[in-house]
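These notes are about the structure you will find just below.
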Amino acid sequence: MQIAFVSNYINHHQITLSDRLYELTGGDYTFVQTEPMEEERVKLGWNTEYVNRPFVKLYYKDKAACDKVIMSADCVIFGGCEDTGIIMPRLEAGKLTLVYSERIYKSGRWKFISPRGLKKKYHDHTRFNGSPVFLLCAGAHVKGDFKLIGAYRHKMMKFGYFPPTEIYKDLNELRHNDRTEILWAGRFIDWKHPEMMMKLAENLIKEKKKFHITMIGNGELENDIRAQAIKRGLTPVMSFKGALTPEEVRTEMRKANIFISTSDRLEGWGAVINEAMNSGCVTIASKSIGSAPYLIKDGENGFLYRSCDDRALLNKVLAAFDKNLAAKIGLAAYNTVTRLWNGSVAAERIFKFVLDGENRIPDYEDGPLSEA
């Protein structure tokens with residue numbers, strides 16, 4: 001059985017999935033990379049060596065060979081690539097395809113009324129409703145967007161991004177501080193709302209809590225946030241580490257008791273949530289983030305709060321100060337990723353889906369390829 005994955009570039013969000021599919025197919029798996037990795041990602045420490053995996057083919061260097069794979073494969077996963085023309089011949093030939101997408105109306109669903117936009121969506125998606133084309137929803141809000149345009153009726157499945165899953169013998173070996181360590185990691189840009197962490201710090205000081213907030217990342221708002229933290233007298237309880245590699249971020253997650261993601265609806269997926277849960281953090285995330293409602297069951301393996309609501313965020317953080325509850329939730333979060341929401345499980349379910357050839361949504365209760 002031949003399976004192909006077509007996307008912009010291979011990275012740590014798909015490497016576990018790809019490695020496992022390569023094993024399951026006996027080497028008959030191809031990742032078609034359509035463009036070189038962005039320099040910004042390279043500077044952030046993203047691994048560029050994945051391109052040397054034996055299953056990677058470069059579309060921009062050998063278009064003919066890649067087009068042959070795309071047309072001949074038993075199933076093609078297509079996503080993260082703006083050039084839909086690459087996959088169009090396959091779709092029009094009526095061959096099994098899994099379209100992998102984040103939400104299409106991130107800035108507001110009112111945009112769906114655009115005649116030009118609807119025409120484009122019909123061409124790329126809706127006209128294939130009668131074909132064996134399924135939607136892999138990379139986020140909990142994707143289904144609602146595609147329902148607006150009438151695409152993929154009864155053919156939408158949960159999916160996402162799958163950074164490498166780590167197995168730890170002692171989940172809490174790096175958590176030995178007598179204060180609650182809170183971590184935030186991301187780009188310092190407006191829709192990730194790093195400013196909310198300063199308000200949280202002020203509120204926790206008022207609550208007389210013993211804590212420390214570490215913020216990781218860089219971006220256009222970084223200098224302003226740092227300056228405001230100094231101005232507001234928050235430096236005793238807040239520190240900034242700048243940009244770190246993905247591996248260094250994971251180490252910081254293992255030290256943290258609580259991980260917070262404050263992004264709004266512009267965050268398509270948010271792989272830091274996978275990583276923080278895998279690290280055993282009590283993960284607190286905005287409901288608007290794509291991955292959050294898929295991965296987090298509020299109060300069981302993490303907490304969800306209403307986007308940009310400082311008071312709602314504070315209440316969830318205060319609950320996480322309960323050490324017994326935090327230990328229970330951190331373990332449940334770890335189990336969610338290691339047992340269900342990971343690249344190996346996703347690959348195995350895709351392989352079975354293609355092998356069975358039933359062209360219907362599998363009957364999984366939750367996780368990858370369950371009904372969205």
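Return the residue satisfying two criteria in turn: it lies in segment 231-248 and is at pLDDT below 95 and surrounded by 15 or more Cβ atoms within 10 Å (Cβ to Cβ), and of such residues it is nearest to TRP46 (Cα to Cα). Ranking the candidates gives PRO246 first.
Of the residues making up segment 132-150, none is surrounded by fewer than 17 Cβ atoms within 10 Å (Cβ to Cβ), in contact with a Gly (Cβ under 9 Å, 6 or more places away or on another chain) and over 30 Å from ARG349 (Cα atoms). Among the residues of segment 5-61, those identified as among the aromatic types (Phe, Trp, Tyr) and assigned to a helix (DSSP H, G or I) are TYR22, TYR50. Just the residues that are closer than 19 Å to ILE260 by Cβ and either among the polar types (S, T, N, Q) or surrounded by fewer than 20 Cβ atoms within 10 Å (Cβ to Cβ) (or both), please, taken from segment 332-341. ALA332, THR336, listed by residue number. Only residues that are in a helix (DSSP H, G or I) and closer than 21 Å to VAL317 by Cα were counted in segment 226-248, giving 1. For ARG349, work out the one condition from (1) touching a residue at least 60 places away in the same chain (Cβ under 8 Å); (2) buried (at least 17 other Cβ atoms within 10 Å of the Cβ) it doesn't fulfil. Result: ARG349 passes all but (1). Residues being under 24 Å from the mean Cα position of the chain (by Cα) and surrounded by fewer than 18 Cβ atoms within 10 Å (Cβ to Cβ) are entirely absent from segment 61-74.
Of the conditions (1) closer than 25 Å to SER7 by Cα; (2) surrounded by fewer than 18 Cβ atoms within 10 Å (Cβ to Cβ); (3) touching a helix residue (DSSP H, G or I) at 6+ places or on another chain (Cβ under 6 Å), TYR105 clears all except one; give me its number. All conditions pass for TYR105, except number (2).
Within segment 1-32, if we keep just the residues that are of a type in the set (S, T, N, Q) and more than 19 Å from the chain's Cα centre (by Cα), the residue that is farthest from ASN278 (Cα to Cα) turns out to be GLN2. Reported count of residues in segment 172-195, each being closer than 26 Å to LYS323 by Cβ, surrounded by fewer than 18 Cβ atoms within 10 Å (Cβ to Cβ) and not charged (D, E, K, R), is 4. Just so you know, in segment 255-274 the residues that are in a loop (DSSP other than H, G, I, E, B) and hydrophobic (A, V, I, L, M, F, W, C) include one that is nearest to ALA320 (Cα to Cα), and it is ALA256.
Condition check ((1) exposed (fewer than 14 other Cβ atoms within 10 Å of the Cβ); (2) closer than 29 Å to ASP356 by Cβ) across all residues:
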site	(1), (2)
VAL6	no, yes
THR16	no, yes
LEU21	no, yes
VAL32	no, yes
GLU40	yes, no
THR48	no, no
VAL56	no, yes
ASP83	yes, no
ALA93	yes, yes
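Condition check ((1) part of a helix (DSSP H, G or I); (2) surrounded by fewer than 17 Cβ atoms within 10 Å (Cβ to Cβ); (3) touching a His at 6+ places or on another chain (Cβ under 9 Å)) across all residues:
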position: ALA276; (1), (2), (3): yes, no, no
position: GLU300; (1), (2), (3): no, yes, no
position: ASN315; (1), (2), (3): yes, yes, no
position: GLY330; (1), (2), (3): yes, no, no
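Segment 112-216 holds helices (runs of 4 or more DSSP H) entirely within its bounds, and those carrying 3 or more residues that are touching a residue at least 40 places away in the same chain (Cβ under 8 Å) and either hydrophobic (A, V, I, L, M, F, W, C) or out of contact with any strand residue (DSSP E or B) (no Cβ under 8 Å at 6 or more places or on another chain) (or both) map to 142-148, 196-206.
Conditions tested, residue by residue: (1) acidic (Asp, Glu); (2) over 26 Å from the mean Cα position of the chain (by Cα).
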position	(1), (2)
PHE159	no, no
GLU166	yes, no
ASN172	no, no
GLY186	no, no
MET197	no, no
GLU207	yes, yes
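The values are calculated or read from the model by the stated rules, or taken from the named source; none is laboratory data. What you see is a predicted model; the values in this text were computed from it and never measured. Virtual Cβ from ideal backbone geometry, glycine too; neighbours counted across all protein chains shown.
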